[in-house]
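Below: one structure, written as structure tokens.
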Amino acid sequence: MRIAVTYGDGEVFQHFGHTQQFKFYDVENGTIQNEQVVDTQGSGHGALAGFLTGHGVNTLLCGGIGGGAQSALASAGIQLYGGISGDADEAVRAFLAGTLAYDPDVHCDHHEHAHGHDCGEHSCGSSDHDCGGHGDGCSE
């Protein structure tokens, strides 16, 4: 099993589509065998599902994530655990122990206005998102 975590400064990065790094954990028999931090090299939003698939990831732990990215991950067969915050290594240990607190209904709907550009600038994969909302675990 290969687990990916959106990563920044040791923590679970809170916006999937803007993450600049993932930390990969290779797991065998419930034990972490290898850890590696990988730069996304500018991939964002929709391209990240392909990036993860290309790296053999089958499980993703992250903070906030939009509907389009969730669909892309589901299509790629990547299991999503969202709404997670805190230390990345701790989150993976909790996942492996079966004690990870996550939000099965996680949705990132603040997108564009919070980042200084407007809704038409790129596709977030959700036509029903609220570009002005916060308080959903997606803050950066």
Quiz prompt | Residue in region 44-72 that is modelled with the lowest pLDDT, counting only those that are buried (at least 17 other Cβ atoms within 10 Å of the Cβ) and assigned to a loop (DSSP other than H, G, I, E, B) | solution = HIS45
Self-check item: Qualifying positions in region 22-43 - crowded, with 16+ Cβ neighbours inside 10 Å and not hydrophobic (A, V, I, L, M, F, W, C)
Solution: LYS23, TYR25, THR40, SER43
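The rows are residues; the columns are (1) farther than 24 Å from ALA101 by Cα; (2) more than 12 Å from the chain's Cα centre (by Cα).
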site	(1), (2)
GLN14	no, no
HIS18	no, no
ASP26	no, yes
GLN41	yes, yes
GLY54	yes, yes
THR59	no, no
GLY63	no, no
GLN70	no, no
Quiz item: Hey, among the residues in region 12-30 that are part of a strand (DSSP E or B) and in contact (Cβ under 8 Å) with a residue 60 or more places away in the chain, which one's nearest to ALA69 (Cα to Cα)?
Solution: HIS15
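The values are calculated or read from the model by the stated rules, or taken from the named source; none is laboratory data. Computed from a prediction, not measured in an experiment: that's the story for all the values here. For neighbour counting, all protein chains shown are included, and Cβ atoms are generated from backbone atoms with ideal geometry for every residue, glycine included.
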